[in-house]
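Q: Take this structure first; my questions come after.
The values are calculated or read from the model by the stated rules, or taken from the named source; none is laboratory data. In this text the structure is predicted, and so the values were computed from the model without any measurement. Heads up, the Cβs are rebuilt from the backbone with ideal geometry, glycines too, and the neighbour counts pull from every protein chain shown.
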Amino acid sequence: MISSMTGFGIAETQCDQWVLRVEMRSVNRKELQVTYRLPEPFYLKESELQKLIEEKIQRGHVNFRLTCTPGAGEPALLINEGHLRSCISRLKAVAKAEGIPFQADLASLLRLPGVLKDVTKETEQGDSLWPQVLATARTALDAMVEMRRAEGKNLLPQFEELCSSMAGLVDSIEHEQAGAVAGYRDRLRERVNKLLEGSRVSVDDESLARQVAIYADRCDVSEEIERLRSHLKQFRQALESEDAPVGRKLEFLGQEMMREAGTMAAKMPTGPQVVQVLELRSQVDRLREQVRNVE
């Protein structure tokens, strides 16, 4: 079953007075690329998260965001009281030495370096919370993978409709092709007869047959039709496959279908067949556009 590269997953865990929240979003990309937004204590953990993600995802641009906040009633910022007292004592000494009154402004004092300590940036906290972070990330990843599969399931009817429409166009082109040579022969004979009307020159059947043979060879698309049918068959088989992600294979088949349709368009003379081939190319282009979202 195919999977889309579009998905979203979220998970939240509370442990040790901390709330861990992981959000994962993925969009289209030929290869797997993960962008991380992590609190400072987890900067060096990206490689472990990368391995976790690569176990279940092979393509797409994934945005991974982890937030780590204190639970209800737990302050994220703590006052370093010893450092604050030391700062006040030194400021008093300076004021006394200069003979100026000392007036303490608490808001200004709290802005001094080292007075406030952000506990969310402590490495020790990161190490103790890491097992829970991994578990939360795994839950969010599973949710995103499930959504990608659901999106892939929704794409299936569109692919099936496009494949059926393309197969019908190929059948119609083949049917028209069968009468194209005979129609050209009759039109050519009629045109030559009009040109030779009133003269003593008669139509040379051998020359006429030679021209018809050249025309038939130039506009013959039987090989392209057979290859298109083969590509469509392989495309449908890949859609039903339970193997590894098939997005790259579907992209290749779509590219080959467009190549065959382009060759057919170049070979076709003017007429209904050209319209059908152009419609076929339009259908292949729509198919390729949808395939870009398949893992």
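Q: Every residue in segment 222-250 that is part of a helix (DSSP H, G or I), of a type in the set (G, A, S) and either in contact with a strand residue (DSSP E or B) (Cβ under 6 Å, 6 or more places away or on another chain) or in contact (Cβ under 8 Å) with a residue 12 or more places away in the chain (or both), please. It would help to see each step written out before you state the result.
A: As a first pass, look at segment 222-250 and keep what is part of a helix (DSSP H, G or I): 222-240, 247-250.
Add one more test, that the residue is of a type in the set (G, A, S), and what stays is 222, 230, 238, 247.
Those that are part of a helix (DSSP H, G or I), of a type in the set (G, A, S) and either in contact with a strand residue (DSSP E or B) (Cβ under 6 Å, 6 or more places away or on another chain) or in contact (Cβ under 8 Å) with a residue 12 or more places away in the chain (or both): S222, A238, G247.
Q: Regarding segment 282-295, can at least one residue be identified that is modelled with pLDDT of 90 or more, farther than 15 Å from S165 by Cα, under 27 Å from the mean Cα position of the chain (by Cα) and exposed (fewer than 14 other Cβ atoms within 10 Å of the Cβ)?
A: Yes, segment 282-295 contains at least one residue that is modelled with pLDDT of 90 or more, farther than 15 Å from S165 by Cα, under 27 Å from the mean Cα position of the chain (by Cα) and exposed (fewer than 14 other Cβ atoms within 10 Å of the Cβ).
Q: Cβ-Cβ below 9 Å, separation at least six or inter-chain, first residue in segment 140-152 and farther than 16 Å from Q58 by Cβ and of a type in the set (K, R), second surrounded by 19 or more Cβ atoms within 10 Å (Cβ to Cβ) and modelled with pLDDT of 95 or more: which pairs?
A: Taking only residues 6 or more apart or on different chains, not a single pair turns up.
Quick grid of which residues meet (1) on the phi > 0 side of the Ramachandran plot; (2) surrounded by 15 or more Cβ atoms within 10 Å (Cβ to Cβ); (3) at pLDDT 95 or above:
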site: Q33; (1), (2), (3): no, no, yes
site: Y36; (1), (2), (3): no, yes, yes
site: E40; (1), (2), (3): no, no, no
site: Y43; (1), (2), (3): no, no, no
site: C68; (1), (2), (3): no, yes, no
